[in-house]
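The numbers here are math on the coordinates, done by the rules we state, and not lab data. In this text the structure is predicted, and so the values were computed from the model without any measurement. Counting neighbours? That spans all protein chains shown, and the Cβs are built from the backbone with ideal geometry, glycine included.
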Amino acid sequence: MAKQKLVLIGNGMAGIRAIEEVLKLSPEKFEITVFGSEPYPNYNRIELSKVLQGDTKIDDITLNSWQWYEENDILLYPGETVTVIDKDRQRIYTDKDRQVDFDKLIIATGSVPFMLPLPGADKDGVTAFRDIKDCENMMDCANQYKKAVVIGGGLLGLEAARGLLNLGMKVDVVHIADYLMERQLDKTAGKMLQSELEEQGMNFLLEKQSAEITGQDRVEGLKFKDGEEIEADLVVMAVGIRPNISLAKESGIPVNRGIIVNDYLETQVPNIFAVGECAEHREMVYGLVAPLYQQGKEMALKICELEGEGYEGSVLSTQLKVSGVDVFSTGKINEDEGTKSIKVFDDWKGIYKKVLIDDGKITGAVLFGDTKDGNRLLSLINKEAPIEEYTDTDGADAAGTNLVAEMPDEEIICGCNGVTKGTIVESINSQGLSTVEQVKGCTNASRSCGGCKSLVSELLEHTLGDEFDQNHKESICACTTLSKEEVVEEIKAKGLTHTKEVMNVLGWESEEGCSKCKPALNYYLGMLNPKEYQDEKQSRFVNERLHANIQKDGTYSVVPRMYGGVTNSNDLRKIADVADKYEVKLIKVTGGQRLDLLGVQKEDLPQIWSELDMPSGSAYAKGLRTVKTCVGADFCRFGTQDSIGLGVRLEKKFEGLNTPHKVKMSVSACPRNCAEGSVKDIGVVGLDGEFEIYVGGNGGTHMRKAELLSKVKTEEEVIDTSAAFLQYYREDANYLERTSAWVERVGLDQIKSVLSDKKTFIDLNHRMNEALSVLKDPWKEALEDQNILKDLYQNVKVPSGSH
Ligand SMILES: Cc1cc2nc3c(=O)[nH]c(=O)nc-3n(C[C@H](O)[C@H](O)[C@H](O)COP(=O)(O)OP(=O)(O)OC[C@H]3O[C@@H](n4cnc5c(N)ncnc54)[C@H](O)[C@@H]3O)c2cc1C
Ligand SMILES: NC(=O)c1ccc[n+]([C@@H]2O[C@H](COP(=O)([O-])OP(=O)(O)OC[C@H]3O[C@@H](n4cnc5c(N)ncnc54)[C@H](O)[C@@H]3O)[C@@H](O)[C@H]2O)c1
Ligand code: SF4
Ligand code: FES
């Protein structure tokens, strides 16, 4: 059957996404032709803000490469504008005298920036901020001139202002209302935003009406209606957008503010559709990608003649893309009669949260300073959830637990692309995905504003556990191009002392970092400077923050330490009592020879630790887990050494040590190796009068047999050699690299050669002892600190005797 001719006018974000949807549904049905006024393939307009802010480059914001058009047999006419639509003949004409017939036509001409019709607005140095050309124009200007004025304190104006500041310009933002982003925020949040941005160096002129742009050929200043005048070498107008409807209107397609469409994005002319910012649906025009992508989905079904529910409108949510500022709003932003609200205001920490409730249902939210709840609130508004659904779980993230672990599957992770947690987890598991880029390619999550990248990354980590991102070792993470070695060198050379400082000084792409670099930097800083460094608990993975492993059902596990796998009746009695009292669901003997109490409620953790009064077994830690031992010479007839005694000594020495990844050890008293030293990070095997030390073994997914590092005569030598090996591993390996991968990467010969140098051996031992000297038992530490108890284990029953 001959293919139908599908023509798209507008090679932008909404139009091309709709074409992607069509290709997914009916790849063979259409012969597709695309016209775009801009001379590029479809690019991520959203990221122009990041280009201006210096966080990415124009070359890196392409969404669909030239090759993509070719591979999908799409005929693209870049730099060509459609000038006429003959709706009766079903034909379009272009500014290059081309004419093309269509069976179906999509109009996706986007918006045009609104330019204030001020006298002087045509002078050089006056620009909008809408496309690559505007962005390049501003960047060129910043090379030559010093003073910029941005008119409009909305999302676009503030993102532009931040970019111009980054480019070294002095920036005034002129705003007509009495507070910033008045369309997206309430006054409290708007004022908090203003003071945060003032601290970043922006200057604001509020309630100002511009009257004239002054200068000869080029702009020199901006005059206001009240007579005041300010200097300007560059004026950026960011005062809103207007749907680009001129082509449709002149071609006789009914328009209002936008091109009028029904729930299937059909205009009032047969076979002509409109999607994106140019379309008006139920009297609404949208200026954010999330609704435009939802429209594209529904329209594609109709175009492919498939059953769909139709587009019913969208609840909007916005997030400002300025680093160091977390602000989010969704749905309704201001109370009216009958609206109730929940408000949290912490002036000290700069946090403000407001959730609006109408008839018991959440209808809107404004968040400043802590926006982690944003997507959850959006999901709850979308499903018209009762407020209790929010309040019952409110505080989960604030308490430092793993937000993604506790999210229900239907919760949206990527607002722009409407991708839920369930979809991402399913794709990770079924397609074997292991990086954010792969998740993006497969589900579209993080493909637009990128604001959800860290959540996607956390979800990967949560789903894959220890397998997460083992492969990507070149740069620490997507926030930087620096490798671990470079970062460590810079920390040493520049004397950097905390994670934010590292990110700032070393030019991280995101000021906040991500779930990959934050724990890594926290580790490197602590490793380099154990005595002075204050561990940043918030940078650690959830299990390490809480000193307990979160389980599938949201409960936790408690594993007290049992040195060398040895216990006694007193400890067993305490464990039994605690298990009864707190209705522990399961007591399990672990592979590391200790007891795991599973199914514990988070708020019971401190009380249980207190009643057990045993050290933490660090079963959650990137650090020493266990030293497994065989029964040894005292009881076994083959035993030649005191394996239990040595195992206990080793465990007592290294307990609580932070390492790049978990470390497991064992001691066997003869080569029968009952404690399985061949699959341990360090496996000690006793012989008659000596010991063999094996390293780099792994019994997990990446099975690896340990290799012989050295033979020594005494227990002291075993301990010192283990210390030197572990310290070298701590200093040289990448964060999250197991000894097995590290030994494989650097080679055993290299490790042997380093440890064979006497001075180095002593120095490594010295640095190890320094690191060990500052360690505290984390359970005890938590019990002794009310702030930790309050911050991490909200609603905890504070154990008696703790202060
Ligand atoms: C700097 C900036 C930052 C933004 N940040 C965000 C954000 O963080 N989150 C968010 O959700 N949204 C953001 N947006 C808005 C988002 O980019 C738009 O909503 C989205 O690009 C609209 O898509 P569209 O396809 O409708 O229009 P566009 O992307 O504008 O595409 C329309 C295309 O059609 C072309 N065209 C017009 N007329 C014709 C014609 N007659 N013939 C041929 N081609 C034609 C235009 O040249 C244009 O390339 C931002 C916008 C800007 C400018
Ligand atoms: N992070 C994001 O989601 C993001 C970022 C940039 C742009 N965008 C989108 O791009 C589009 C354009 O953004 P925008 O900020 O221009 O639109 P906007 O309508 O959101 O904001 C324009 C602002 O300009 C102010 N204004 C209007 N006339 C003025 C005047 N004469 N003088 C001073 N101020 C005046 C308004 O009060 C308003 O706050 C919007 O659809 C927006 O949603 C989104
Ligand atoms: S390793 Fe040797 S000494 Fe230890 S329990 Fe096994 S057989 Fe006995
Ligand atoms: S939230 Fe914007 S890309 Fe995911």
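One table, with the values for the structure above:
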item	result
Additional length obtainable on full extension of the chain from Asn787 to Leu772, 0.36 nm per residue less Cα span	2.9 nm
In nm, spacing of pseudo-spin labels at Asp226 and Asp613 (7 Å Cα→C-beta vector)	7.0
Per-pair calculated FRET efficiency, R0 = 56 Å: Arg672 and Glu437 via Cβ, rounded to 0.05	0.75
Partners for Lys662 among aspartates and glutamates (Cα-Cα distance below 14 Å; same-chain residues under 8 apart left out)	Asp466, Glu467, Glu544, Glu651, Asp681, Glu737
Relative contact order [Cα under 8 Å, 6+ residues apart], region 602-670, whole percent	41
Only Lys, Arg (+1) and Asp, Glu (-1) charged, at Cβ; the chain dipole about Cα centre in debye	1580
Where labels lie 7 Å past Cα in the beta-carbon direction, separation of Thr497 and Lys3 in nm	6.5
Region 649-711: C-alpha gyration tensor shape, a/c 1.5 cut-off, then a/b vs b/c	oblate
Mean Cβ count within 10 Å, highest first, over the residues of peptides 63-75, 780-792	780-792, 63-75
Per the chain, cysteines lacking a partner by the 4.7 Å Cβ criterion	Cys135, Cys141, Cys278, Cys304, Cys416, Cys442, Cys449, Cys479, Cys514, Cys636, Cys670
Shape of region 212-351, Cα gyration tensor, a/c cut at 1.5	oblate
Packing-based ranking, highest mean first, of 29-38, 760-769, 661-670 given that Cβ atoms within 10 Å are counted	661-670, 29-38, 760-769
Rounded, prolate or oblate (a/c below 1.5 giving rounded, otherwise prolate when a/b exceeds b/c) for the chain by Cα gyration tensor	prolate
Contact order normalised by residue count of region 253-331, Cα under 8 Å, 6+ apart, percent	22
Inter-site label distance for Lys711 and Asp103 at 7 Å from Cα along Cβ, in nm	8.1
Flagged links, alpha-carbon separation over 29 Å, of Lys208/Lys321; Lys453/Lys484; Lys3/Lys440	Lys3/Lys440
Hits among lysines - C-alpha to C-alpha of Lys5 under 16 Å, sequence gap 8 or more where chains match	Lys29, Lys87, Lys104, Lys302
Extended-chain gain in nm, criterion 0.36 nm per residue less alpha-carbon gap, Tyr145 and Glu603	159.1 nm
Dipole in debye (nearest 20) - region 256-315, about Cα centre, beta carbon charges: Lys, Arg +1; Asp, Glu -1	180
Highest average packing first - 341-350, 524-533, 456-465, Cβ atoms within 10 Å	456-465, 524-533, 341-350
Theoretical gain in end-to-end length, Lys372 to Leu464 [0.36 nm per residue, Cα-Cα removed]	30.9 nm
C-alpha long axis of helix 13-25 to longest principal axis of the chain, angle in °	70
Rounded tilt (10° steps) of 187-199 against the dominant C-alpha axis of the chain	70
Contact order normalised by residue count of the chain, Cα under 8 Å, 6+ apart, percent	7
